[in-house]
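Notes to accompany the following structure.
The values are calculated or read from the model by the stated rules, or taken from the named source; none is laboratory data. Keep in mind that what you see is a predicted model, and the values were worked out from it rather than measured. For neighbour counting, all protein chains shown are included, and Cβ atoms are generated from backbone atoms with ideal geometry for every residue, glycine included.
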Amino acid sequence: MDMANQTRIKEVAEKFGTDKVVVILGGAEAESAGLTAETVINGDPTYAGPLTNIALKLPVYHIFEIKDLIDPEVYDAQISMMEMVLDVDAIKDEMESIRQQFS
Amino acid sequence: MDKSFFADKKICILGDRDGIPGPAIAECMNTVGGEILFSSTECFV
């Protein structure tokens, strides 16, 4: 997760409170999505960015995980093509694993 | 989880150039609820 986004997430959480902020990811791979999720839950695992040692415990979901809540026509237009080429199950499994491990 | 979870939430979108870009996620979240604070598209390459 890049430094600028870590800064933005940190500022937003401080301004609105961690109970009001939700992070939605669009990562292409389970590993990258998992690392980003870990960062906003438990802090930057690379110890390089502004969220180092800061466990915001933010709720975080991949867009694939909330498909059922999205207008089907919009989902179909915006997401469905990438859904066909990415490993959706691996991404969902990794997100669930990270949430259970760190939340 | 249902839509009511998002009703009073501030949404931060971290898209991926090689996955789902930020604007596509934002379009979807506009149909779910909550207030989108920012939408970003990262590049992991």
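What to note about this one:
- Answer from A:26, A:34, A:43 - the residue that is in contact with a Leu (Cβ under 9 Å, 6 or more places away or on another chain) and surrounded by 21 or more Cβ atoms within 10 Å (Cβ to Cβ): A:26
- Test: residue in the range B:13-28 that is of a type in the set (Lys, Arg), surrounded by 14 or more Cβ atoms within 10 Å (Cβ to Cβ) and closer than 19 Å to residue A:15 by Cα: no
- Residue A:92 meets the conditions (1) within 11 Å of another protein chain (Cβ to nearest Cβ); (2) assigned to a helix (DSSP H, G or I); (3) in contact with a His (Cβ under 9 Å, 6 or more places away or on another chain) in every case but one. The failed one is (1).
- Residue count for the range A:1-29, restricted to those that are at pLDDT 95 or above, in contact with a helix residue (DSSP H, G or I) (Cβ under 9 Å, 6 or more places away or on another chain) and not in a helix (DSSP H, G or I): 10.
- Hey, residue A:67 in contact with a Phe, Trp or Tyr (Cβ under 7 Å, 6 or more places away or on another chain), surrounded by fewer than 20 Cβ atoms within 10 Å (Cβ to Cβ) and either away from chain B (no Cβ under 11 Å) or under 20 Å from residue A:96 (Cα atoms) (or both) or not: yes
- All told, residue A:35 falls short of being within 13 Å of chain B (Cβ to nearest Cβ) and either assigned to a loop (DSSP other than H, G, I, E, B) or touching a Lys or Arg at 6+ places or on another chain (Cβ under 6 Å) (or both).
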